[in-house]
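The values are calculated or read from the model by the stated rules, or taken from the named source; none is laboratory data. Keep in mind it's a predicted model, so treat the numbers as computed, not measured. Glycine gets a Cβ as well: all are built from the backbone with ideal geometry, and neighbour counts include every protein chain shown.
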């Protein structure tokens, strides 16, 4: 359900396809990402479905958190980015593209929360519960309470 918090009124209901794990509204485009299990559905502000896509590599994975990167002061961006947090310390970064006349999310990068106590460099077992995107840095937090910082500035 979408509510107008200023007027405190019901606006519309998005189609229900199971329980919602997380949802976000892009303040720049008005698009709404709804994450259910292994899938992401993207809607317009008017409730029109733009895409519905499975985004997890394994059957036992799920999207636990999501956030749009909205830029600084509504700056123009070359790509619309969506960050999704998953089980076992993985953050996926997606770019919305048009493929065969339809919108799709294309995986452009993965961030891994590695377990420093293991010599193998394997990921942590905790899921990513929150993501904060800022102009030059991304913060991610896991279920164990650890926060990681990812620099977005390319150094030469």
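Tabulated results
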| quantity | calculated |
| --- | --- |
| Members of the range 28-49 found to be assigned to a loop (DSSP other than H, G, I, E, B) and touching a residue at least 12 places away in the same chain (Cβ under 8 Å), listed by number | 28, 29, 30, 31, 37, 38, 44, 45, 46, 47 |
| Residue 61 vs. criteria modelled with pLDDT of 85 or more and either in contact with a helix residue (DSSP H, G or I) (Cβ under 7 Å, 6 or more places away or on another chain) or over 19 Å from residue 32 (Cα atoms) (or both) | yes |
| Filtered residue count, the range 1-27, keeping only those that are loosely packed, with under 12 Cβ neighbours inside 10 Å and either within 21 Å of residue 92 (Cα to Cα) or in contact (Cβ under 8 Å) with a residue 60 or more places away in the chain (or both) | 1 |
| Members of the range 1-27 found to be closer than 28 Å to residue 87 by Cα and in a loop (DSSP other than H, G, I, E, B), listed by number | 1, 14, 15, 16, 17, 18, 19, 20, 21, 26, 27 |
| The one condition in (1) under 19 Å from the mean Cα position of the chain (by Cα); (2) at pLDDT 85 or above that residue 46 fails to fulfil | (1) |
| Test result for residue 52, in contact with a strand residue (DSSP E or B) (Cβ under 8 Å, 6 or more places away or on another chain) and in a loop (DSSP other than H, G, I, E, B) | no |
| Strands (runs of 3 or more DSSP E) wholly inside the range 76-156 containing at least 3 residues that are surrounded by 11 or more Cβ atoms within 10 Å (Cβ to Cβ), in contact (Cβ under 8 Å) with a residue 12 or more places away in the chain and touching a strand residue (DSSP E or B) at 6+ places or on another chain (Cβ under 7 Å) | 81-86, 90-99, 102-112, 128-133, 137-142 |
